[in-house]
Ligand SMILES: *Cc1c(COP(=O)(O)O)cnc(C)c1O
């Protein structure tokens, strides 16, 4: 104890006067485990074959670092491997190399995006990265944004802001209009905001999975006529099951006319907005009609989780909604503490890995990732036997499909078997339920998946179906 007080020579924290050789060795050994795991990928499967993983509890005496390294290795080799070329199930791509470094830096700095004095450079970095996004998507001068740990939280940040700005903070009898294909996070948001189910209006989607604009228009008209208060309208830019785009321009115009908060959930498709991408349906979008938009770089660019931004066309709306004052923090009048811009308080510097990732890729690199994702999906469609399969897919890199003329009932068993068959052959794909029927779904966000893998996968599928 005395020794600890007068001569803190220990391994608990980085040394503040020694050479930190122990920390360096530890980082190197951990890096070796991870890099060997990456190199081993081809010999492994997307999911670990060894399901024996057990956790160990803290003991009375602290654990030797070599034992911990063994446990780290066991943890790593028992994990899902998004870098495997057969990892195609979800919106979880391999981590971008530089983004791995970003988390290491964030952890070593251990700054806090809660307050400017706890993250002087990082607060500026976060503000500027958000501003860059705002400019790229076409938001104007008084726009801005905030990072939060995932799209769910940012959708919540948006709706809390909408509620506050409309003066509905203490009112729960308000309508939230979304499409039936919108993300489940809005159900969570509604629960948190205290909205009853009868205040959730799910607009049906058309044959392409897009919000049916005629149904939307007539519902909105009815609601307005009846004097119903409307919290917000949410459009999705890239739906989770089939990558569809809602009619953003039409919805946006309507909301502007009626002065209703318009939120775009672009968790999936948002990254396409920052490039000069070749998807015409995206090029023609007027994003500046929106009050808020969620973008998740974690879902396609490989910025490691979590990485999500909420951008708002009027930055003051976040300040007004979430300002509490931080009585325990000294800050000058003109400083915005970024813990007062959303529901989270203390926040890690997730912005580092996003910033490094964008700098490292450049707009060209981002375009390469996005373009190849869509090209791979198109190649898959080309090789899949269209006589055998019905396909659901919008312009993005996501596709769901099912054998033709299969009943809802049969789809359950068939997709289950197909999924098992494929994972045994090192292809991990997902099995969503959509409008009562099970589908197989592939997300082509994995840069390591090559033409060879796509041919192998389509061969397996074409032969598996009777
Ligand atoms: C993934 C997703 C979300 C939620 O994002 P999380 O980061 O998982 O919280 C919201 N909307 C859409 C369309 C998504 O695909």
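Mind checking which residues of segment 15-43 are modelled with pLDDT of 95 or more and part of a loop (DSSP other than H, G, I, E, B)?
Matches in segment 15-43: 40 only.
Name the residue, out of 73, 21, that is surrounded by fewer than 14 Cβ atoms within 10 Å (Cβ to Cβ) and either free of Cβ contacts under 8 Å to residues at least 12 places away in the same chain or under 30 Å from residue 428 (Cβ atoms) (or both).
Criteria check complete, one pass: 21.
Could you grab me the full set of residues in segment 285-296 that are within 14 Å of the ligand (Cβ to nearest atom) and either under 17 Å from residue 374 (Cβ atoms) or surrounded by fewer than 24 Cβ atoms within 10 Å (Cβ to Cβ) (or both)?
If the condition is that a residue be within 14 Å of the ligand (Cβ to nearest atom) and either under 17 Å from residue 374 (Cβ atoms) or surrounded by fewer than 24 Cβ atoms within 10 Å (Cβ to Cβ) (or both), then no residue fits.
Scan (1) under 18 Å from residue 398 (Cβ atoms); (2) modelled with pLDDT of 95 or more; (3) surrounded by fewer than 19 Cβ atoms within 10 Å (Cβ to Cβ); (4) touching a strand residue (DSSP E or B) at 6+ places or on another chain (Cβ under 8 Å) for the single condition residue 229 breaks and write down its number.
(1)
Go through segment 160-188 and give me each residue that's within 12 Å of the ligand (Cβ to nearest atom) and crowded, with 24+ Cβ neighbours inside 10 Å.
Selection gives 178, 179, 182, 186.
Conditions first: (1) surrounded by 14 or more Cβ atoms within 10 Å (Cβ to Cβ); (2) free of Cβ contacts under 8 Å to residues at least 24 places away in the same chain; (3) more than 28 Å from residue 92 (Cβ to Cβ). Residue 218 passes all but one, so which condition is the exception?
Going through the list (1) surrounded by 14 or more Cβ atoms within 10 Å (Cβ to Cβ); (2) free of Cβ contacts under 8 Å to residues at least 24 places away in the same chain; (3) more than 28 Å from residue 92 (Cβ to Cβ), residue 218 breaks only (1).
Only one of 274, 251, 268 is touching a residue at least 40 places away in the same chain (Cβ under 8 Å), touching a helix residue (DSSP H, G or I) at 6+ places or on another chain (Cβ under 6 Å) and either more than 22 Å from residue 174 (Cα to Cα) or more than 13 Å from the ligand (Cβ to nearest atom) (or both). Can you tell me which?
When all the criteria are applied, what remains is 274.
Does segment 347-356 contain any residue that is in contact with a helix residue (DSSP H, G or I) (Cβ under 9 Å, 6 or more places away or on another chain), in a loop (DSSP other than H, G, I, E, B), in contact (Cβ under 8 Å) with a residue 60 or more places away in the chain and surrounded by fewer than 17 Cβ atoms within 10 Å (Cβ to Cβ)?
So far as segment 347-356 goes, no, none of its residues is in contact with a helix residue (DSSP H, G or I) (Cβ under 9 Å, 6 or more places away or on another chain), in a loop (DSSP other than H, G, I, E, B), in contact (Cβ under 8 Å) with a residue 60 or more places away in the chain and surrounded by fewer than 17 Cβ atoms within 10 Å (Cβ to Cβ).
Only one residue in 112, 154, 135, 142 is modelled with pLDDT of 95 or more, over 14 Å from residue 345 (Cβ atoms) and crowded, with 17+ Cβ neighbours inside 10 Å, so which one is that?
154
If the requirement is being modelled with pLDDT of 95 or more and not in a helix (DSSP H, G or I), which of these qualifies: 285, 318, 310?
310
Among the residues of segment 189-205, which ones are buried (at least 17 other Cβ atoms within 10 Å of the Cβ), within 20 Å of residue 248 (Cβ to Cβ) and more than 16 Å from the ligand (Cβ to nearest atom)?
201 - this is the single residue of segment 189-205 that is buried (at least 17 other Cβ atoms within 10 Å of the Cβ), within 20 Å of residue 248 (Cβ to Cβ) and more than 16 Å from the ligand (Cβ to nearest atom).
One residue is enough: does segment 32-48 have a residue meeting the conditions surrounded by 15 or more Cβ atoms within 10 Å (Cβ to Cβ), in contact (Cβ under 8 Å) with a residue 40 or more places away in the chain and more than 30 Å from residue 421 (Cα to Cα)?
yes
The values are calculated or read from the model by the stated rules, or taken from the named source; none is laboratory data. Predicted, not measured: the structure shown is a model, and the values here were computed from it. Ideal geometry is used to build each Cβ from the backbone, glycine not excepted, and the neighbour counts take in all protein chains shown.
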